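> Please see the structure below; I have some questions.
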Amino acid sequence: MDTKQAHFNEMPKHPFPQKRPDVKIAESDDRIFEVDCPELQWWFAVPEMGDPHLRAEYDANTLELDAIVEITPTTAAIIRDIDCVELRVREWLAPRDWPAVCPPDLIYATLNDTHTRWISVVDMIDGEAVFYTIGDESFEEQWGGPLKRRIVDDGRYQLQTDGSYKITDGHGFGAGTYDVTIGENTFHCLRVLDVDISNPHGGELAEVFVESGGRTIFFRRYDGRYLRGHDLVSKYPNNRRIVINDIVYVHSDCSGWAHDQLTSESLRPIS
């Protein structure tokens, strides 16, 4: 079987421990109603020149380090007359039987006062750069159109007595305010639920904790119960679940496992 591991095997220098730090999440009455998030959602890097962004993926059950992703701004660029920034992507994976799903080698993206936007992604195939670019067929369907930096909590997710959620007439992705403690650092965060509700069996759900300054600290991916063609509740009876509009989402991602993701922002000292 071809594995993702064959494509990426050099670990970049990184600050993350081998075992996931203790993570505590507590709801807060000190509400955050909106944040300005300049990141590519949900890749966590800001498309502007600056320091590399790193994230760590930990197996949610063993808490062992499973993957490191480094995204480095390398140069300003112009793609189809759009000013943007080139971002180089490097990934290290622990030895496991990963599915053959690889991130792009390069990303081109842009940022303004209100939105971020994917412009192009590049895969290196047999030494040649293959571009998939805005304006190409299905590009925005796969990578998304302009992404609003402003994320609001307008009551879209109404908590029910059984712990599930119903979607109201609100349009924001915010779903409450939480204090997230990672190791010795505590961040005041807007909880974000970015969910695909168009799939009758449940699509993908991102649970994201964005600190008040607009940077992601902690991230989990969930799949709809039957998204992968089998019952994820039966496969992972002990994994976390979120229920929205009676659809069950199970903590699991396209790797086939559940991961807790920490960003390099989560390790910065709190002033």
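Bear in mind that the values in this text are calculations on the coordinates, not laboratory data. Since the model is a prediction, treat every value here as computed from it, not as a measurement. All Cβ positions, glycine included, derive from the backbone under ideal geometry; neighbour counts span all protein chains shown.
> In percent, what relative contact order does the range 21-163 have, based on Cα pairs under 8 Å that are 6 or more apart in sequence?
Over the range 21-163, the number comes to 21 percent.
> Also: T263: net charge of surrounding residues, Cβ under 11 Å, Lys/Arg +1, Asp/Glu -1, itself excluded?
Residues near T263 contribute -1 overall.
> Enumerate the calculated ³J(HN,Hα) couplings along the range 33-40 in order (Karplus 6.51 cos²θ - 1.76 cosθ + 1.60, θ = phi - 60°), each rounded to whole Hz, writing x wherever the residue is Gly or Pro.
So the J values, rounded to whole Hz, are 9, 7, 9, 9, 9, x, 7, 6.
> So how far, in whole Å, is the C-alpha centre of the range 96-124 from the one of the range 194-271?
Computed from Cα coordinates, the inter-centre distance equals 19 Å.
> Sticking with this one: Can you compute the charge dipole magnitude of the range 1-160 about its Cα centre, using +1 on each Lys and Arg Cβ and -1 on each Asp and Glu Cβ, nothing else charged? Give it in debye, rounded to the nearest 20.
I would put it at about 340 debye.
> Along the three principal axes, how long is the chain when you take its alpha carbons, biggest first, rounded to the nearest angstrom?
Largest to smallest, the principal-axis extents are 55, 44, 42 Å.
> What do the square roots of 5 times the Cα gyration tensor eigenvalues come to for the range 1-135, in whole Å, largest first, as semi-axes of the equivalent ellipsoid?
Taking √(5λ) for each eigenvalue gives 27, 25, 12 Å, largest first.
> Next question. Taking θ as phi - 60°, what are the ³J(HN,Hα) couplings along the range 56-71 by the Karplus curve (6.51, -1.76, 1.60), each to the nearest whole Hz, with x for Gly and Pro?
Going residue by residue, I get 10, 10, 10, 4, 5, 9, 8, 6, 7, 5, 10, 7, 10, 10, 10, 10 Hz, with x marking Gly and Pro.
> Can you give the relative contact order of the range 114-271 as a percent, counting alpha carbon pairs under 8 Å and 6+ residues apart?
15 percent
> Given springs between every Cα pair under 10 Å in a Gaussian network model of the chain, which of D30, D179, D223 has the largest fluctuation?
Among D30, D179, D223, the largest mean-square fluctuation in the Gaussian network model of the chain belongs to D30.
> Could you work out which residue, out of E86, E128, E70, moves most in a Gaussian network model of the chain, that is, has the largest mean-square fluctuation with Cα springs under 10 Å?
Greatest mean-square fluctuation among the candidates belongs to E128.
> Once Lys and Arg get +1 and Asp and Glu get -1 on their Cβ, which of F139, P99, L159 lies farthest toward the positive end of the dipole of the range 97-190?
Going by the Cα projections, it comes out as L159.
> Taking the simple approach of a point 7 Å from Cα along Cα-to-Cβ for both S234 and R31, what is their distance in nm?
Going by the 7 Å Cα→Cβ label model, 4.2 nm.
> Only four residue types carry charge here, +1 at the Cβ of Lys and Arg and -1 at the Cβ of Asp and Glu. Report the dipole size of the range 205-271 about the Cα centre in Debye, rounded to the nearest 20.
Value, rounded to 20: 80 debye.
> Consider all pairwise Cα distances in the range 16-55 and report the whole-number % of them above 12 Å.
76 percent
> Which aspartates and glutamates have a Cα less than 13 Å from the Cα of K24, not counting those fewer than 8 places away in the same chain?
D179, E184, D260
> Something else about it: Residues with beta-carbon under 13 Å from that of D179, excluding D179: net charge, scoring Lys, Arg +1 and Asp, Glu -1?
Every neighbour counted, the sum reads -1.
> Counting Lys and Arg as +1 and Asp and Glu as -1, each charge on the Cβ, what is the dipole of the chain about the Cα centre in debye, to the nearest 20?
Dipole size: approximately 600 debye.
> Expressed as cubic angstrom per residue, what is the convex hull volume of the alpha carbon set of the range 145-271?
Convex hull of Cα atoms, per residue: 136 Å³.
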